[in-house]
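See structure below.
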Amino acid sequence: MSEKIKCSHCHLEFNKSVMIEDGEHYFCCNGCQGVFHLLSDQGLESFYKKAGDVKLTPPTKQYEDSSNFNAPAFYDRFVKTNKEGFNEVSLIIEGIHCSACVWLNEKALHKMDGVIEANINFTNNKATIVWADDVVKLSQIIDMIRAIGYNAYPYDASIQEAHANKERKEYYLRMAVALFATMNIMWIAVAQYAGYFTGITQDVKTILNIAEWTLATPVLFYSGWVFFRGAYYGMKNKVVNMDLLVATGATSTYLYSIYITFAQAGEAYFDSVSMIVTFVLIGKFLEVLSKKSVADTLDVISKQIPSEVNVVQEGKVVSVKLSEVRSGDVVVVSSGEKVLFDGEILQGGGSFDESNLTGESDPIYKGVGDTIISGTTSIDADVRFRATKDFAHSTLATLVNLLESALNKKPKIEQMANRLSEHFSSVILGLAFVTFLVWWLWPHSFETAFMVGISVIIIACPCALALATPVATLVGLSLGASRGILFKEAAQLETMATIDTLVLDKTGTITIGKPEVVQMHSLKSFDPALLYALVQSSKHPVARGVGAYIKEHYEIDAHEDFESYKQIPACGIEAQKGGKTFLGGNAKLLGMYAISGDFSSENTLFYFVEEKEIVAIFELQDGIKPHAKEIIANIAKRGIEVVMLTGDNAKSAQRIAHEAGIENYRYEQTPENKAAFVEELHAKGKKVVMVGDGVNDILALANADIGIVMGSGSDIAIEVSDVVLMDSSLKSLEDAFKISRTTFGLVKQNLGISLVYNAITIPLAMAGYVIPLVAAISMSVSSLLVVGNSMRIRLQWKKN
């Protein structure tokens, strides 16, 4: 007979002939061999010393081959490269149901060479992982996640619902078994309690205990399997989590009740075992539903993105993948379809719904020549438009990426709560053991001391503490997204709630951003085509205003090309043609070239200069945005100082400041001046929000604690900002302040609920005033209180 030896991992015995030999170690399967080397590589060999000769279950669950995650097709669809050149992917981690699970996965991933960042959001189990592909492959990262007891699949909003339904069905089945058994146990318990008062023989009592035992067993080991699994992987990786508390309390009560049944002395508590598992399981299920409800707002946009789009190729309309469409391609959109690319309408027209981006429900008419934005929906328009960006760089893709990344940046207060919850379960186990000893030695009976100790274990709830911040943050992000306010990081909600100074750019922020020429002073004849060509390439609103005026009042037959062209921030434009220098801009531009211009006006001035001679002066006027004065006054009432910065002249700045009700303003500010002013405020201990929309604002936006940019702003300004207001309105700015302060207040409320709950209930349990059944109900209620409080705020905002 062949010699039998033990597997080095699971300790099960097999014939040596079928074992996998690996040096001095033997394994029954590749799974055991992989887990053994994983634990060894991570410095967790002490697991085997702690396990001793306990026989473990070999990893038997078969997953999709992880090498599929390295396929080029997978990378094209799910993996992107960030600004630093590292790869980034969003995954859903299956099996996460408490904060310790999050901590364990993040810790295991951070220990891998080549993993730069691993952030997991507890509310939706979504992980964002950044890694160096030349050091570690994505398949190895997936293998690590699977090895510690979880699974991962790529995040895709369109298939997310199927996975969520699968998880719900599993909960339904486990809860159905638990509820069926618990209801029957309660009928048996009624008979026992009746016998307690009217008299019952020990033989009958034992029979009833055995019946309860039979019913409680599937509840504990099937319905409660999720807690055992979580506790096992937690202990395996030296983490004490909530699952361990539930599993320890329920199993200890179960084993004690078996002893009582055979000893035929004392009271069995199989009904408490069943109730503990059932109520905690129901609480976890309601928690899953609540978290999904909050997260749905953030998925609604990305969930509706189709995989193909119609384009015109060689005169025919064909369907192609989104990734195949390039800038310059002609895209066809019919009524009812979503616009997936930014572009300019070439043919057709109609009404578009932009509510997904701006929160504005009124449809907007667009026709030939108008700009069309990705993410909007055609109501009755059948159009053809030229794409100006590919899908990866479109407004819609940017919006989805911002929402996804925002969920994974944890605020400081959440990091603090997570550190606290890490040690919470260990402290509770210690308190339960001390409580048991005190009650036993007081003296009381072993049974009384045991049940008091179990109550302490069960009533404590680290989940409420762990949920306090992420659920509130998710509510804040979803409220913002539904109103066209995009916070790039959840942490910015916390920062913005503590702001005391608001710095506003003038043009396009306080004003509408479309200045119109109210008067032109022609000092010398000039070529309008040259001036039109000069201003056409600029995105500055003043230049565009001048361009619109020239186009309306002159016939431009041909497009003029310059030999050189340079934009000077906060000043204007310089161009060369035929050996001549042409300038277009403000008085500061004249000063740079030592050109005298003593023209004075309360309007914005634009000078057109040819060979250092002013040939035309344009006066432009830009009105302030609707309700600007009222909104700025409301913000100031919150204790926030409001300052306006502008590159415009003194008279124009004074007029706009007066109309907007702003007392503190500075004029003729260069980008460097604006950034320096923000630094001055920082030196005074101020926390600053800077709001702008142009290239000349990017230095100040980057230097501020929070940089907010209007959705109509330049791409580079949007890139460096922290918050984007998609509808470019000041009402959205006011809402951003309200949402951040509401969210921060909600976080503090939730932490207060969790801390007060534990501060009251744990001492009551230690004093013997709480039975295990009540403890189980209280534990679930505390988590639901935190989630419910967050949902309350969300519903209140929906009514407004």
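Going by a ≥ b ≥ c, the root eigenvalues of the Cα gyration tensor, does the stretch 572-698 fall in the rounded group (a/c under 1.5), the prolate group (a/b larger than b/c) or the oblate group?
Verdict is prolate for the stretch 572-698.
Exceeding 28 Å between C-alpha atoms, which entries from my cross-link table qualify? They are Lys316/Lys366; Lys389/Lys738; Lys629/Lys651; Lys166/Lys389.
Lys389/Lys738; Lys166/Lys389
If R₀ is 35 angstrom, what is the calculated FRET efficiency for the pair Lys539 and Glu641, using the beta carbon separation as r and rounding to 0.05?
Computed FRET efficiency for Lys539 and Glu641 comes out at 0.70.
What is the calculated FRET efficiency for His521 to Tyr365, with r their C-beta to C-beta distance and R₀ = 35 Å, to the nearest 0.05?
Step by step, r from the Cβ atoms, then E = 0.45.
What value does the stretch 573-647 have for Rg/Rh, both radii from Cα atoms and Rh as Kirkwood defines it?
Checking Rg against Rh, the ratio lands at 1.18.
Per 5 Å bin, what percent of the C-alpha pairs of the stretch 648-709 does each bin hold, from zero upward?
In order of increasing distance, the bins hold 4, 19, 23, 25, 22, 7, 0 percent.
Going by average Cβ density within 10 Å per residue, which order do the peptides 474-480, 500-506 take, highest to lowest?
In decreasing order of mean packing, 474-480, 500-506 become 474-480, 500-506.
Between Lys107 and Asn310, take the C-beta separation as r, use R0 = 41 Å, and let me know the FRET efficiency to the nearest 0.05. Kindly include the intermediate steps, with their values, before the conclusion.
Numbers: r = 47 Å, r/R0 = 1.16.
My answer for the efficiency is 0.30.
For a 25 Å ceiling on Cα separation, which of these pairs sit above it: Lys80/Lys169; Lys126/Lys687; Lys637/Lys684; Lys137/Lys169?
In this structure, Lys80/Lys169; Lys126/Lys687; Lys137/Lys169 lie more than 25 Å apart at Cα.
Please give the contour-minus-distance gain from Glu94 to Tyr172: 0.36 nm per residue of separation, less the Cα-Cα distance, rounded to one decimal in nm.
Net length gain for the segment: 26.4 nm.
Before I look further, what does the stretch 598-739 give for accessible area per residue, probe 1.4 Å, in whole square angstrom?
40
Go through the stretch 76-93 residue by residue and turn each phi into a ³J(HN,Hα) via Karplus (6.51, -1.76, 1.60, θ = phi - 60°); whole Hz please, and just put x for glycine and proline.
Rounded to whole hertz, the list is 4, 8, 10, 9, 10, 9, 7, 5, 7, x, 8, 7, 9, 9, 10, 10, 9, 9.
Which value in nm describes the separation of the simple spin-label points at Val318 and Ala548, placed 7 Å from the Cα toward the beta carbon?
Between Val318 and Ala548, the label points sit 4.0 nm apart.
Pulled fully out, how much extra length does the chain show between Asn634 and Thr81, if you take 0.36 nm times their separation in residues and subtract their Cα-Cα distance?
194.9 nm
Search the structure for amide H atoms under 5 Å from the amide H of Glu94, placed 1.01 Å from N in the peptide plane, and list their residues when 5 or more places away or on another chain.
So Glu94 has HN proximity to Asn151, Ala152, Tyr153.
Residues with beta-carbon under 11 Å from that of Ile129, excluding Ile129: net charge, scoring Lys, Arg +1 and Asp, Glu -1?
Cβ neighbours under 11 Å give a net charge of -2.
Percent of accessible area on the stretch 520-592 owned by carbon and sulfur, 1.4 Å probe?
Here it works out to 49 percent.
Ordering Arg77, Arg326 by accessible area with a probe of 1.4 Å, largest first, what comes out?
Arg77, Arg326
Pop a pseudo-label 7 angstrom from the Cα along the beta-carbon direction at both Asp557 and Glu447 and give the gap in nm to one decimal.
10.9
Using modelled amide H (1.01 Å from N, peptide plane; none on Pro or chain starts), what sits under 5 Å from the amide H of Ile116, excluding residues fewer than 5 places away?
Val130, Trp131, Ala132
Rank by packing, highest mean first: peptides 386-395, 535-544, with packing defined as the count of other Cβ atoms within 10 Å averaged across residues.
535-544, 386-395
For the stretch 616-770, what does the convex hull of the Cα positions come to per residue, in cubic angstrom?
Enclosed volume per residue, from the Cα hull, is 164 Å³.
The values are calculated or read from the model by the stated rules, or taken from the named source; none is laboratory data. In this text, all values refer to a predicted model and were calculated from it rather than measured experimentally. FYI the Cβ positions are ideal-geometry reconstructions off the backbone, even for glycines, and counts take in every protein chain you see. When the accessible area is computed, the model is the full protein with side chains, heavy atoms only, and any ligands, DNA or RNA have been set aside. Shrake-Rupley method; radii C 1.70, N 1.55, O 1.52, S 1.80 Å.
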